[in-house]
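Asker: The structure is given below, and queries will be raised subsequently.
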Amino acid sequence: MLELYQFELSQYSEKVRLILDYKGLEYRKVEVTPGVGQIEVYQLSGQSQVPILKDGSTVIADSTKIAKYLDEKYPDRPIIPTNPLERGLCLMMEEWADESIGTKSRVVLFQGISQDQSFRSALLPSSTPDFLRNLIEAVPSDLLRTVGSGLGASPDAVKSAEDAIKQDLEALCLILQDRPYLTGNQPTLADLAVAGLSILLKFPAGPYLDIPEKLRGKGVTGIADNPLYEPFFTWRDRLYAEFRKPLPYNATTPIGTGQKPTSIEIE
């Protein structure tokens, strides 16, 4: 069975999960613990970031490389068109989504975390002890913003990312105004990338992510609740309803196994 080494709230991991579901492929999720788990991931793949896909003895890092591998190895329900124009648009839009929505939404999310204490604690893993959850809730917003400035999420950086994301969403709404998908009449890698990478702006309403139920359908204030961008999120939710498999049994059950996630095993 395919194994996906991931972080549950990594948009790039979600991009791959959406591709796997669209293709109808069974896979097992292996949640990587930040820190020590990333060392093991480095031993496995030569780099420390997720997602990483393991298919037998084959190991692929990077969501775009994983997408191309899956489309070549498992050609049913192709996601990269063969028509030159559609193929070019698909690959260009996927790359744009990685660099724009994928990176800027994390900066925008930091602003939401610093402003909303309950939103902040709800993003923590369900296994987080209550004392630590309460401690994180109690961190003053001003302190978080100061920390954020040192991590590239200064007020100016957040404002710039927010403005760019709003322009991106406006453009996507215009593109989707008269068509079902971004590059043609069938879903492609462009659609799956844009949909998966947008989860930090507004979480899907259905049971697709291992997050507290109260977070489903919620997101960054000013974006997730803005009626101007509702057409995009409505389109994304339709895509999820059609192609994304809901979590089976419970939020921590790996796809297709009925068992809890295992620790990483290095061959």
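The values are calculated or read from the model by the stated rules, or taken from the named source; none is laboratory data. Since the structure is predicted, the reported quantities are computational estimates derived from the model, not experimental observations. Accessible surface is based on the protein model in full, side chains and every heavy atom, while ligands, DNA and RNA are left aside. Shrake-Rupley method; radii C 1.70, N 1.55, O 1.52, S 1.80 Å.
Asker: How about LYS54: which lysines have a C-alpha closer than 17 Å to its C-alpha, ignoring those fewer than 8 places off in the same chain?
Answerer: Here the lysines satisfying the reach criterion relative to LYS54 are LYS15, LYS23, LYS29, LYS65, LYS68, LYS73.
Asker: Given segment 166-207, what whole percent of its Cα pairs are spread farther than 12 Å?
Answerer: Values: 560 of 861 pairs.
Within segment 166-207, distances greater than 12 Å cover 65 percent of Cα pairs.
Asker: Something else: Less than 19 Å apart at the alpha-carbon level, and either on another chain or at least 8 residues along: which lysines does that give for LYS159?
Answerer: LYS104, LYS202
Asker: Here's something else I'd like to know. I'd like the accessible area for LYS214, computed on protein heavy atoms only with a 1.4 Å probe and all protein chains in place. Round to 10 Å², please.
Answerer: Near enough 140 Å² of accessible area.
Asker: With a 1.4 Å probe and all protein chains kept in place, how do LYS65, LYS54, LYS104 rank by accessible area, largest first? Walk me through the numbers before you get to the answer.
Answerer: Values: LYS65 130, LYS54 20, LYS104 65 Å².
Largest accessible area first, the list is LYS65, LYS104, LYS54.
Asker: If you don't mind, there's one more thing I want to ask. Suppose the chain between LYS214 and LYS65 were pulled fully straight at 0.36 nm per residue; how much longer would it get relative to their current alpha carbon spacing? Let's see the in-between values first.
Answerer: On the way: separation 149, 0.36 × 149 = 53.64 nm, distance 3.38 nm.
Full extension from LYS214 to LYS65 adds 50.3 nm.
Asker: While we're on this one: For VAL59, VAL16, VAL50, give me the order by solvent-accessible area with a 1.4 Å probe, most accessible first, ignoring ligands, DNA and RNA. Please list the in-between numbers first.
Answerer: Values: VAL59 55, VAL16 0, VAL50 25 Å².
Descending accessible area places them as VAL59, VAL50, VAL16.
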